[in-house]
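> Please find one structure pasted underneath; my questions will follow.
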Amino acid sequence: MKIRITRPVQGGTIRAIVSKSEAHRLLICAALADRGTFITCPELSEDIEATVRCLESIGAVLRYERDGFFVIPVKRWPKSRETKQYRLNCGESGTTLRFLLPVCGALGLRVAFDLGGRLPARPLFGLYEEMASHGCRLSEPGFSPLVCEGKLKNGTYTLPGNISSQFISGLLLALPLLLGDSTIRVTDILESRPYADMTLDALCLFGITVREEEDQVFQIPGGQVFSSPQKVRVEGDWSNAAFWLCAGAIGKNPISCTGLDPDSRQGDRAIVDLLARFGAHVTYENDAFTVFPGPLKGINIDAGDYPDLVPVISAVAAVAEGMTIIKNAGRLRLKESDRLHTIAKSLSSLGADITETKDCLIISGKKSLTGGNTQSFGDHRIAMAAAIISAACNGPVEIEDAGAVRKSYPGFFNDFSAELGGIWEAAGD
């Protein structure tokens with residue numbers, strides 16, 4: 001879908017959609033629990049649907065009703081059923097694959113994971129080797145399907161922390177299912193640490209004990225039972241709300257977002273501090289974060305704990321006076337697109353002055369951009385960043401493959417117009 005934005009968002013108030021990061025974790029915990037759980041989750045996305053689809057494929061029952069899922073957990077089957085091969089369609093959801101690969105290994109299932117888009121090329125280095133050395137047999141990485149057989153054994157798992165925190169989260173979800181105790185040792189700095197903390201919170205909610213008596217060393221007792229809290233609500237999503245908050249900073253009118261937890265574990269909560277550092281005025285009153293437009297100045301940013309914010313941070317930097325350097329962002333080359341490259345290409349085509357290096361973006365801000373035609377490169381966050389930066393463009397913005405937003409925020413362009421006053425139209429296939 002190609003769209004043409006003729007009027008950017010005009011300001012107003014919008015409620016944050018649910019966090020797909022938390023939804024993945026809660027759905028998996030519920031599918032492993034001792035009894036049914038109702039998870040309030042009003043909005044869906046392709047990634048959430050991928051996790052639902054895969055959990056159903058291994059025997060959980062998920063019924064969507066009253067703005068949420070009632071989850072009937074996976075049954076513990078006899079050994080005679082372990083010879084069956086289960087087929088799990090992950091779509092393009094890296095979270096689904098990285099969480100459920102070790103979970104299926106802990107359950108002792110023979111599973112073929114179907115991987116779409118760039119997912120076969122996204123790294124499993126570290127997790128793959130540790131699973132293979134602890135009882136699982138995996139097909140060659142980089143191809144679809146990825147086949148996993150055998151059963152994980154308890155023990156000590158050592159993984160790098162600078163590739164993906166999802167590897168750690170996947171093992172944290174899986175290892176409590178084993179009979180013996182296990183340890184996860186994380187080498188290097190655990191980047192995106194807040195997302196591992198989200199996993200620990202979800203496990204705690206379901207009665208699972210994980211101890212971190214030494215920094216980045218997690219002790220997981222075996223033989224634990226996921227105890228359902230019966231009802232739980234997915235919190236608001238900071239990563240998608242960030243697009244609206246940034247539009248408030250670079251547009252002409254303030255924008256407020258409700259439904260966000262100011263004490264959330266989500267790393268992308270950092271957006272309010274980043275916008276304040278840029279010079280925007282940010283307030284929190286009556287359950288609403290509000291960002292007011294104002295003169296913005298370039299800053300230096302370490303993206304290690306919040307890589308998903310980089311596309312929209314780059315949009316703000318493009319119209320912030322002076323230079324912004326976004327460093328420690330090399331992992332973005334392994335997302336749905338090579339995000340360092342696609343951010344630079346997409347925003348440059350709209351008039352931004354942006355340069356990529358191996359693991360950095362260097363952006364020289366301008367008072368305004370020209371607008372024009374740009375690509376999403378099939379990446380949801382690139383599409384949304386291009387839409388938001390229209391607030392700083394002198395002319396219309398056309399976005400190729402704008403439908404990529406379905407991966408995380410299917411209603412993005414509806415909210416863009418219906419809630420915040422923007423105007424767009426379909427501009428051909």
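> Can you name every residue in region 59-69 that is touching a residue at least 24 places away in the same chain (Cβ under 8 Å) and buried (at least 16 other Cβ atoms within 10 Å of the Cβ)?
Result: Ala60, Leu62, Gly68, Phe69.
> Something else now. How many residues, within region 267-285, are without any contact (Cβ under 8 Å) to a residue 24 or more places away in the chain and within 15 Å of Gly304 (Cβ to Cβ)?
Counting residues in region 267-285 that are without any contact (Cβ under 8 Å) to a residue 24 or more places away in the chain and within 15 Å of Gly304 (Cβ to Cβ) gives 1.
> Also, I was wondering about something else. Might you check whether a residue that is out of contact with any Cys (no Cβ under 7 Å at 6 or more places or on another chain) and within 19 Å of Leu332 (Cα to Cα) occurs anywhere in region 96-103? Reasoning before the result, please.
Residues of region 96-103 that are out of contact with any Cys (no Cβ under 7 Å at 6 or more places or on another chain), as a first pass: 98-99, 102-103.
The next check asks that each one be within 19 Å of Leu332 (Cα to Cα); those that pass are 98.
Yes, there is a match, as at least one residue in region 96-103 is out of contact with any Cys (no Cβ under 7 Å at 6 or more places or on another chain) and within 19 Å of Leu332 (Cα to Cα).
> Of a type in the set (Lys, Arg) and more than 19 Å from the chain's Cα centre (by Cα) - does that describe any residue in region 395-416? Break it down stepwise before answering.
The first filter runs over region 395-416 and keeps only residues of a type in the set (Lys, Arg), leaving 406-407.
Imposing the further condition that a residue be more than 19 Å from the chain's Cα centre (by Cα) reduces the set to none.
No; the residues of region 395-416 include none that is of a type in the set (Lys, Arg) and more than 19 Å from the chain's Cα centre (by Cα).
> So, one more: Quick check: is even one residue across region 346-358 touching a residue at least 40 places away in the same chain (Cβ under 8 Å), in contact with a His (Cβ under 6 Å, 6 or more places away or on another chain) and closer than 18 Å to Met1 by Cα? Can you show your working first?
Taking region 346-358 and keeping what is touching a residue at least 40 places away in the same chain (Cβ under 8 Å), we get 346-347, 350-351, 354.
Narrowing further to those that are in contact with a His (Cβ under 6 Å, 6 or more places away or on another chain): none.
Scanning region 346-358, I find no residue that is touching a residue at least 40 places away in the same chain (Cβ under 8 Å), in contact with a His (Cβ under 6 Å, 6 or more places away or on another chain) and closer than 18 Å to Met1 by Cα, so the answer is no.
> Might you check whether a residue that is without any contact (Cβ under 8 Å) to a residue 40 or more places away in the chain, in contact with a strand residue (DSSP E or B) (Cβ under 6 Å, 6 or more places away or on another chain) and hydrophobic (A, V, I, L, M, F, W, C) occurs anywhere in region 23-30?
To start, the set of residues in region 23-30 that are without any contact (Cβ under 8 Å) to a residue 40 or more places away in the chain comprises none.
No, there is no match, as no residue in region 23-30 is without any contact (Cβ under 8 Å) to a residue 40 or more places away in the chain, in contact with a strand residue (DSSP E or B) (Cβ under 6 Å, 6 or more places away or on another chain) and hydrophobic (A, V, I, L, M, F, W, C).
> Separate question: Anything in region 126-144 that is within 20 Å of Leu173 (Cβ to Cβ), assigned to a loop (DSSP other than H, G, I, E, B) and either of a type in the set (Gly, Ala, Ser) or out of contact with any strand residue (DSSP E or B) (no Cβ under 8 Å at 6 or more places or on another chain) (or both)? List them, or say none.
Of region 126-144, the ones within 20 Å of Leu173 (Cβ to Cβ) are 126-136, 138.
Now restrict to residues that are assigned to a loop (DSSP other than H, G, I, E, B): 126, 133-135.
Those that are within 20 Å of Leu173 (Cβ to Cβ), assigned to a loop (DSSP other than H, G, I, E, B) and either of a type in the set (Gly, Ala, Ser) or out of contact with any strand residue (DSSP E or B) (no Cβ under 8 Å at 6 or more places or on another chain) (or both): Gly126, Ser133, Gly135.
> When Ser80 is evaluated against the numbered criteria (1) farther than 23 Å from Pro176 by Cβ; (2) surrounded by fewer than 18 Cβ atoms within 10 Å (Cβ to Cβ); (3) modelled with pLDDT of 95 or more, which criterion, by number, is the only one it fails?
In the conditions (1) farther than 23 Å from Pro176 by Cβ; (2) surrounded by fewer than 18 Cβ atoms within 10 Å (Cβ to Cβ); (3) modelled with pLDDT of 95 or more, Ser80 misses (3) alone.
> What do you reckon, is Leu179 farther than 27 Å from Cys90 by Cα, out of contact with any strand residue (DSSP E or B) (no Cβ under 8 Å at 6 or more places or on another chain) and either open to solvent by 10 Å² or more (accessible area, probe 1.4 Å) or assigned to a loop (DSSP other than H, G, I, E, B) (or both)?
Details: farther than 27 Å from Cys90 by Cα: yes; out of contact with any strand residue (DSSP E or B) (no Cβ under 8 Å at 6 or more places or on another chain): yes; either open to solvent by 10 Å² or more (accessible area, probe 1.4 Å) or assigned to a loop (DSSP other than H, G, I, E, B) (or both): yes.
Yes; evaluated as a whole, the condition is true for this residue.
> Would you tally the residues in region 114-139 being of a type in the set (D, E, K, R), farther than 17 Å from Asp188 by Cβ and at pLDDT 95 or above?
Of the residues in region 114-139, 2 are of a type in the set (D, E, K, R), farther than 17 Å from Asp188 by Cβ and at pLDDT 95 or above.
> When the residues of region 19-58 are filtered to those that are outside any helix (DSSP H, G or I) and more than 20 Å from Leu203 (Cβ to Cβ), which remaining residue is least open to solvent (accessible area, probe 1.4 Å)?
Of region 19-58, the ones outside any helix (DSSP H, G or I) are 19, 32-45, 58.
Subset that is more than 20 Å from Leu203 (Cβ to Cβ): 42-45.
On the way: Pro42: 54, Glu43: 65, Leu44: 56, Ser45: 2 Å².
It comes out as Ser45.
> Of all residues in region 238-291, how many are farther than 24 Å from Phe413 by Cα, of a type in the set (Lys, Arg) and at pLDDT 95 or above?
Matching residues across region 238-291 total 1.
> For region 145-163, how many residues are within 27 Å of Ala329 (Cα to Cα), open to solvent by 10 Å² or more (accessible area, probe 1.4 Å), assigned to a loop (DSSP other than H, G, I, E, B) and not hydrophobic (A, V, I, L, M, F, W, C)? Give the steps one after another, and end with the answer.
Quick first cut of region 145-163, residues within 27 Å of Ala329 (Cα to Cα) only: 157-163.
With the extra rule that they be open to solvent by 10 Å² or more (accessible area, probe 1.4 Å), the set shrinks to 158, 160, 162-163.
Subset that is assigned to a loop (DSSP other than H, G, I, E, B): 162-163.
With the extra rule that they be not hydrophobic (A, V, I, L, M, F, W, C), the set shrinks to 162.
Selection size over region 145-163: 1.
> Check Lys297, Lys327, Lys335 and return the single one that is modelled with pLDDT under 95 and of a type in the set (D, E, K, R). Reasoning before the result, please.
Working: Lys297 fails: modelled with pLDDT under 95; Lys327 fails: modelled with pLDDT under 95.
The match here is Lys335.
> While we're here: Any idea which of (1) open to solvent by 10 Å² or more (accessible area, probe 1.4 Å); (2) within 23 Å of Gly248 (Cα to Cα) is the one Lys345 doesn't satisfy?
(2)
> Here is a list: Gly117, Gly91, Gly105, Gly170. Which entry is buried (at least 16 other Cβ atoms within 10 Å of the Cβ) and in contact with a strand residue (DSSP E or B) (Cβ under 7 Å, 6 or more places away or on another chain)? First the steps, then the outcome.
Working: Gly117 fails: in contact with a strand residue (DSSP E or B) (Cβ under 7 Å, 6 or more places away or on another chain); Gly91 fails: in contact with a strand residue (DSSP E or B) (Cβ under 7 Å, 6 or more places away or on another chain); Gly170 fails: in contact with a strand residue (DSSP E or B) (Cβ under 7 Å, 6 or more places away or on another chain).
Gly105 is the lone residue from the list that is buried (at least 16 other Cβ atoms within 10 Å of the Cβ) and in contact with a strand residue (DSSP E or B) (Cβ under 7 Å, 6 or more places away or on another chain).
The values are calculated or read from the model by the stated rules, or taken from the named source; none is laboratory data. Keep in mind the model is a prediction, meaning the values are calculated, not measured. Quick reminder, even Gly has a Cβ in these numbers, built from the backbone with ideal geometry, and neighbours come from all protein chains shown. In case anyone asks, the SASA skips ligands and DNA or RNA and just uses the protein heavy atoms, side chains included. Shrake-Rupley method; radii C 1.70, N 1.55, O 1.52, S 1.80 Å.
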